[in-house]
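First comes the structure, then the notes that go with it.
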4 protein chains.
Amino acid sequence: MYFASDNWAGVSPKVGEAIAEAGRGYAAAYGNDDLTLALKARLEAIFEHEVAFFLVPTGTATNSLALSALCPSYGIVLAHEESHVVAEEAGAPEFITQGARLIGLKGAGNKILPATLEAALDRLPPPDWGHPRPSALSVTQASECGTVYGVAELTVLAGAAKARGLGVHMDGARFANAVAALGCTPAEITWKAGVDALSFGLTKNGAFMAEAVVLFDPARAEAVRWRRKRAGHVVSKARFMAAQFLAMLEDGHWLALAGHANAMAAQLSSGFSASGYRLAWPCEANEVFPIVPKALAGQLEAKGAQFHEWPWQAYDGAAPAADETVLRLVASFATRPEDVEAFLGMLRAG
Amino acid sequence: MYFASDNWAGVSPKVGEAIAEAGRGYAAAYGNDDLTLALKARLEAIFEHEVAFFLVPTGTATNSLALSALCPSYGIVLAHEESHVVAEEAGAPEFITQGARLIGLKGAGNKILPATLEAALDRLPPPDWGHPRPSALSVTQASECGTVYGVAELTVLAGAAKARGLGVHMDGARFANAVAALGCTPAEITWKAGVDALSFGLTKNGAFMAEAVVLFDPARAEAVRWRRKRAGHVVSKARFMAAQFLAMLEDGHWLALAGHANAMAAQLSSGFSASGYRLAWPCEANEVFPIVPKALAGQLEAKGAQFHEWPWQAYDGAAPAADETVLRLVASFATRPEDVEAFLGMLRAG
Amino acid sequence: MYFASDNWAGVSPKVGEAIAEAGRGYAAAYGNDDLTLALKARLEAIFEHEVAFFLVPTGTATNSLALSALCPSYGIVLAHEESHVVAEEAGAPEFITQGARLIGLKGAGNKILPATLEAALDRLPPPDWGHPRPSALSVTQASECGTVYGVAELTVLAGAAKARGLGVHMDGARFANAVAALGCTPAEITWKAGVDALSFGLTKNGAFMAEAVVLFDPARAEAVRWRRKRAGHVVSKARFMAAQFLAMLEDGHWLALAGHANAMAAQLSSGFSASGYRLAWPCEANEVFPIVPKALAGQLEAKGAQFHEWPWQAYDGAAPAADETVLRLVASFATRPEDVEAFLGMLRAG
Amino acid sequence: MYFASDNWAGVSPKVGEAIAEAGRGYAAAYGNDDLTLALKARLEAIFEHEVAFFLVPTGTATNSLALSALCPSYGIVLAHEESHVVAEEAGAPEFITQGARLIGLKGAGNKILPATLEAALDRLPPPDWGHPRPSALSVTQASECGTVYGVAELTVLAGAAKARGLGVHMDGARFANAVAALGCTPAEITWKAGVDALSFGLTKNGAFMAEAVVLFDPARAEAVRWRRKRAGHVVSKARFMAAQFLAMLEDGHWLALAGHANAMAAQLSSGFSASGYRLAWPCEANEVFPIVPKALAGQLEAKGAQFHEWPWQAYDGAAPAADETVLRLVASFATRPEDVEAFLGMLRAG
């Protein structure tokens, strides 16, 4: 029963086959291969828009490089205080942008409200050289709390950012889960809603390594090109990453996998509710955050369930009592209904 | 007939199987998986020494992070003027060390002579805060010119660096080819000869992505740990990279592959010699640099052979005449004797 | 009537004489002159402690270099959200530390409460390489709001920081005003209260250019030495800055000047109170922030008074009404009682 | 007898008066004062060209900021291997440009020949994102060896740089000495000869602190504006620096002072020649590099003469014998003929 993280899962069989296939024969290095070239058209079809894209090995690098397309070294990035770019990357955005400042905003369920953004921008200095320049808003979709911005919701938030001259970045390490949950098109939740740069991650969704910076304004690509090279993120056998993307994006495989993970999380969520437990936040994608007695958490762990307690968190949802704790359970493409059922059985027995 | 680069080749079947195997089931992320943990013992056995190591997605990142273990942001790195770190990484070492200076040294066949190093160090300033501090020597093994430092040769060179307080880095993107060519142990050509930090690359040798910073003094690891994270090089599904390393290092597979590539290069080299062509540098690993008439280069290309002409090169070996050019032919684990023979046939017919 | 800022004033006659004197004859460059050497003993006498110090041309550089003594490139600095380092330096601390993150804390009158610091630290991640490392607390003394930390107050705050392993920096661009206001010794409000690094500024107090990084732990000096040089802050004719410091520190001249400025601010403050105006924060040093009708502000300006309105401020004190505004009036060593009286006359006539 | 460096001298009386005058009364901070504003017109009159300029406290900062106007973080700067930017700034250009690479070129007397530049550029990679981009040539005028580029000479050199797309920077820490020596206009030896960015330094020429980045293309100023702020180089009481510049530039005072220093050096040079000593390089500005017996150097020092031996130097001029050494003697505005005569007397007596 592995619910620790979706990046503990392996690869989907289709992706595995694509990797194996890509390993045969010769191909040009550094992204000049046929697969990488083919991926451009595939991405443009998926997003219904011209794009510039960069395959990058990690989500952290993808986020940092995407932000560097929007934010100069003297810029400010606004993001949720518990977002990955703020809390989990040890300052990679600062490093790769060579000095940008990240400012953390509060918000229930890891989502930022337009009023919070406006208030933060009101407090920031005017855009002159004596002050850091507010340059980008970064949102996470789906968020670290398993919540999802609706299309209308995101449109308002991104609009507030753009009205002040900020660019909009979306950390889409779980973009597939969000799109599957919303039932919208990738275009509707990205550029149509105001997103300029997307970190498009499929690693957590059943690939080994499939992350890309996707820019909806190719003119922003030049700055990223250099930074990617200088940060050591130009993979020589890039076709292997492209192959994973292509396999994922064929016939909606990526959304099928994400939809499955979401369904498994919903099954978990229902089970907790049925057993009378509250959730810290609603389950909107593939993560569930039940509030349980600390004793129960220990019992589940003792029985071999894999999950994390969620420690230094912005509890702006339902808060645990003193003898309670918040669990984070992540479902993945590989989670089987019987795994969930077994876990819920332990819960009921707990 | 693919001789453009060894990174155009695919993956060896054993590596492919290991990748497929690693994709099944669950494993802890970010290098806490069993495969990555097992790799430590394997590396220590191979190198007969305690090591700290970091799996990193690209050779450029590996080099830069390895250098950052030896060189502060105000340091100087000495390397051959045509080495990868100087000429091919767009300033990644400067970026990742946050400001170190690279100084290019001359030397025939991309190798640095001790006297050249000494002379460069003599001209450098004393180690006070008013001047950049000479901090590291970086050598490439096998070099960009397909040449190889002998054990004794490297020991003298590294000794000259260490006598001045510099650390020694080895860019081993083709380390396997060098070890196979020398017939020595990995220990003899690294820490026993004075190497402190090795970029150990197996990507060119038949992996998809297998690069590691190997530090023979684990105390140097702390600085790298942070920089790796901040530069976005902590791969979530690290087991996939570890699996490739483990498959390579099992039963000497890495040396068998490299030995084959070297043999194919030797066959090419002999063919050129037999046809009366000079080499720009001796063929000591898996690269051959024949000097041929420009017309012949065009004919070979027209017949479908893949290779590069070697343009802005430090010709300190035999120089081409005005109507000649230097080709770079790289053999890989995947090169077959019949490919070489077919190519040499074209040459003879040319 | 110049109340725009204390850095609009010129130099005190004693400082002017010292500059003139320093300009005669020859002296070693780069801080090897007699005046700079003499300054060490003077500072150590004033602070009753061994110090390492660096003369630096600007307050921004002083703050950034002082922070770099406490905070690595992957560190976090906590400071008030309206402090100079956060709001007024365009990211200089990020630039000079090569990537540290500044996190702004709230607090009335630009002062941070221990509970606010504790809460912020509670939300920050554990000190591992996956997260930025909380490294320093920066306080401003006297603050941007003209408020002053008491000795006991600062001791508690600094203690809370040190208990978590953070170093403590004091931005003392108006350190003299704070010491004069508190009537304590410089030692009591710095190292005895827990301060590790002081930005000691006397430029606003009647010098042309007199700023110094003062480190109470000389072992921290090495990192600053290199950064100062590389950031271009080693002044060749350093004696000229040392001369200003020495003149200031002779016979308590610095405290006499600051005490005068404080007294002038108190006279202003009393005048506003007497005329029935509130202050946004209490006047504790040489700045006064009266809340006045917008119409009055315009009239005063029209009559030639020089001051700033205080725009994007954390109004955690008394807030202005819709038709009111907050003025910032700064008194300096050069402010004369008759200037204050003339201004208050305008106010009463307003 | 102070010949150690021109920055050991004090200030010219006219500059001292200007400093004193600037210290009276109030003035806007951060360069918004009348003196700084007046300086723009003065500089434009001197250079017969529109300029953007930045007053900066040190020569190192001036050089680094000027280079940052020409060179991105992924750029290459070519300069003489013994130039100040390469050998004496501890990597400040790398720090302030956030990663540019400096490549040192050889050349007799610290001057670069066009052919040397061309050869270096020929060896550099093509301008794509895989390689650092050659961006700027930096020349020193007058050089560290006291030599001076003639107008025609510089025009050819700068033209070679510009033909390859490089910008041209001039380190003019001793610009006044060069202009006085050449007898040309400041325009002729800067923008008319191809210079884009000048480090205009008058500190060594009799000021306390007077250095400016002068850009002949104001469009390049934007990048410098931010970097200057972030590197902590915006001086609050800027009028004091402006006052020194204005006093220097009034009625040719700067050239009178420099001409005097040059004449004193010429007197020294003649004295050495008359006594039969060789010079390492011809004396063309205010520095003299005589080759003398080591024993004599010791005797002169013992008698109280202040000078440096010139240690790790590119001896591409006349080389000293084993028992000889090269002295560096620098004359300044403050050097008196009788000082020179006394020194030469010691020499003859030596």
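Which pairs have Cβ atoms under 6 Å, sit 6 or more apart or on different chains, and link a residue in region B:88-101 that is more than 7 Å from chain A (Cβ to nearest Cβ) to one that is of a type in the set (S, T, N, Q)?
As it stands, the answer is B:Glu89/B:Thr60; B:Pro93/B:Ser64; B:Thr97/B:Ser68; B:Thr97/B:Ser73; B:Gln98/B:Ser73; B:Gln98/C:Gln98; B:Gly99/B:Ser73, since those pairs meet every condition given.
Taking region A:87-135 on its own, how many of its residues are over 23 Å from D:Phe54 (Cβ atoms) and aromatic (Phe, Trp, Tyr)?
Of the residues in that region, 1 qualify.
For the subset of region B:145-154 comprising residues that are assigned to a helix (DSSP H, G or I) and under 18 Å from the mean Cα position of the chain (by Cα), which member is farthest from the other protein chains (Cβ to nearest Cβ)?
Taking the candidates together, the pick is B:Val151.
Of all residues in region A:191-250, how many are within 10 Å of chain B (Cβ to nearest Cβ) and acidic (Asp, Glu)?
Residues in region A:191-250 being within 10 Å of chain B (Cβ to nearest Cβ) and acidic (Asp, Glu): 1 in total.
Could you tell me which numbered condition B:Ala163 fails, if it satisfies all but one of (1) free of Cβ contacts under 8 Å to residues at least 12 places away in the same chain; (2) surrounded by fewer than 24 Cβ atoms within 10 Å (Cβ to Cβ); (3) within 14 Å of chain A (Cβ to nearest Cβ)?
Of the numbered conditions (1) free of Cβ contacts under 8 Å to residues at least 12 places away in the same chain; (2) surrounded by fewer than 24 Cβ atoms within 10 Å (Cβ to Cβ); (3) within 14 Å of chain A (Cβ to nearest Cβ), the odd one out for B:Ala163 is (3).
Could you list, in sequence order, all residues of region C:88-144 that are touching a Gly at 6+ places or on another chain (Cβ under 8 Å), buried (at least 21 other Cβ atoms within 10 Å of the Cβ), of a type outside the set (Val, Ile, Thr) and assigned to a helix (DSSP H, G or I)?
Result: C:Ala92, C:Glu94, C:Phe95.
Quick check: is even one residue across region D:217-226 closer than 25 Å to D:Gly183 by Cβ and touching a Ser or Thr at 6+ places or on another chain (Cβ under 9 Å)?
Narrowing region D:217-226 to residues closer than 25 Å to D:Gly183 by Cβ: none.
The answer is no, given that none of the residues of region D:217-226 is closer than 25 Å to D:Gly183 by Cβ and touching a Ser or Thr at 6+ places or on another chain (Cβ under 9 Å).
Name, by its number, the condition in (1) buried (at least 24 other Cβ atoms within 10 Å of the Cβ); (2) touching a residue at least 12 places away in the same chain (Cβ under 8 Å) that does not hold for A:Glu188.
The one condition A:Glu188 does not meet is (1).
Run B:Ala9 past the list (1) within 22 Å of the chain's Cα centre (by Cα); (2) facing another protein chain (nearest Cβ under 7 Å); (3) farther than 27 Å from A:Ala238 by Cβ and report the number of the one that doesn't hold.
(3)
Identify all residues within region C:62-87 that are assigned to a loop (DSSP other than H, G, I, E, B) and either of a type in the set (Phe, Trp, Tyr) or without any contact (Cβ under 8 Å) to a residue 24 or more places away in the chain (or both); write none if there are none.
Selection gives C:Tyr74 alone.
Which one is modelled with the lowest pLDDT among residues in region A:14-51 that are acidic (Asp, Glu) and either farther than 23 Å from B:Ala20 by Cα or touching a helix residue (DSSP H, G or I) at 6+ places or on another chain (Cβ under 6 Å) (or both)?
The qualifying residue modelled with the lowest pLDDT is A:Asp33.
Evaluate the following for D:Gly194: is it in contact (Cβ under 8 Å) with a residue 60 or more places away in the chain and over 30 Å from D:Leu268 (Cβ atoms)?
Here the answer is no, as D:Gly194 does not meet what is asked.
Six or more apart or on different chains, Cβ atoms under 9 Å: show the pairs whose first residue is in region D:208-231 and assigned by TED's automatic domain parsing to the domain that holds D:Arg174 and whose second is among the acidic types (Asp, Glu) and in a helix (DSSP H, G or I).
Every condition considered, the pairs that remain are D:Arg230/C:Glu94.
Kindly indicate whether any position in region B:54-69 is surrounded by fewer than 23 Cβ atoms within 10 Å (Cβ to Cβ) and at negative phi.
Of the residues in region B:54-69, the ones surrounded by fewer than 23 Cβ atoms within 10 Å (Cβ to Cβ) are none.
No, because not a single residue in region B:54-69 is surrounded by fewer than 23 Cβ atoms within 10 Å (Cβ to Cβ) and at negative phi.
Return a yes/no flag: does region A:73-81 have any residue that is modelled with pLDDT of 95 or more, more than 9 Å from every other protein chain (Cβ to nearest Cβ), surrounded by 20 or more Cβ atoms within 10 Å (Cβ to Cβ) and farther than 27 Å from A:Arg230 by Cβ.
Scanning region A:73-81 turns up at least one residue that is modelled with pLDDT of 95 or more, more than 9 Å from every other protein chain (Cβ to nearest Cβ), surrounded by 20 or more Cβ atoms within 10 Å (Cβ to Cβ) and farther than 27 Å from A:Arg230 by Cβ.
Does C:Thr203 meet the test of being among the hydroxyl-bearing types (Ser, Thr, Tyr) and closer than 29 Å to C:Phe240 by Cα?
The answer is yes for C:Thr203.
Of all the residues that make up region C:19-53, how many are touching a residue at least 24 places away in the same chain (Cβ under 8 Å) and at positive phi?
Number satisfying all stated conditions: 3.
When only residues in region A:111-137 that are in contact with a Cys (Cβ under 9 Å, 6 or more places away or on another chain) and among the small types (Gly, Ala, Ser) count, which is nearest to the other protein chains (Cβ to nearest Cβ)?
Only one residue tops the list, namely A:Ser135.
Considering region B:18-60 alone, what residues qualify as being under 21 Å from B:Val224 (Cα atoms) and assigned to a loop (DSSP other than H, G, I, E, B)?
Those that are under 21 Å from B:Val224 (Cα atoms) and assigned to a loop (DSSP other than H, G, I, E, B): B:Ala29, B:Tyr30, B:Gly31, B:Asn32, B:Asp33, B:His49, B:Glu50, B:Val51, B:Pro57, B:Thr58.
Need pairs with beta-carbon distance below 6 Å; first residue assigned by TED's automatic domain parsing to the domain that holds B:Val77 and within region B:105-131, second of a type outside the set (Val, Ile, Thr) and assigned to a helix (DSSP H, G or I); sequence gap 6+ or separate chains.
Pairs that qualify, where the first residue is assigned by TED's automatic domain parsing to the domain that holds B:Val77 and the partner is of a type outside the set (Val, Ile, Thr) and assigned to a helix (DSSP H, G or I), are B:Leu105/B:Ala120; B:Pro114/B:Leu157; B:Pro114/B:Ala160; B:Leu117/B:Ala160; B:Glu118/B:Ala160; B:Trp129/C:Arg225; B:Trp129/C:Trp226; B:Trp129/C:Lys229.
Of all residues in region D:266-285, how many are touching a Ser or Thr at 6+ places or on another chain (Cβ under 8 Å) and either small (Gly, Ala, Ser) or closer than 18 Å to D:Ala321 by Cβ (or both)?
Start the filter on region D:266-285 by keeping residues that are touching a Ser or Thr at 6+ places or on another chain (Cβ under 8 Å), which leaves D:279, D:281-285.
If we keep only those that are either small (Gly, Ala, Ser) or closer than 18 Å to D:Ala321 by Cβ (or both) too, we end up with D:279, D:281, D:285.
The number of residues fulfilling the criteria is 3.
Could you look through region B:239-268, keep only residues that are crowded, with 24+ Cβ neighbours inside 10 Å and among the small types (Gly, Ala, Ser), and pick out the one that is farthest from A:Ser199 (Cα to Cα)?
B:Ala265
Taking the condition among the charged types (D, E, K, R), at pLDDT 95 or above and more than 20 Å from the chain's Cα centre (by Cα), does A:Arg239 pass? Show your work before the answer.
Values: among the charged types (D, E, K, R): yes; at pLDDT 95 or above: yes; more than 20 Å from the chain's Cα centre (by Cα): yes.
Taking the combined requirement at face value, the residue satisfies it.
The values are calculated or read from the model by the stated rules, or taken from the named source; none is laboratory data. Just so we're clear, the structure is a prediction, and the values are computed from it rather than from any experiment. Don't worry about glycine lacking a Cβ; one is built from the backbone with ideal geometry, like all the others, and counts go over all protein chains shown.
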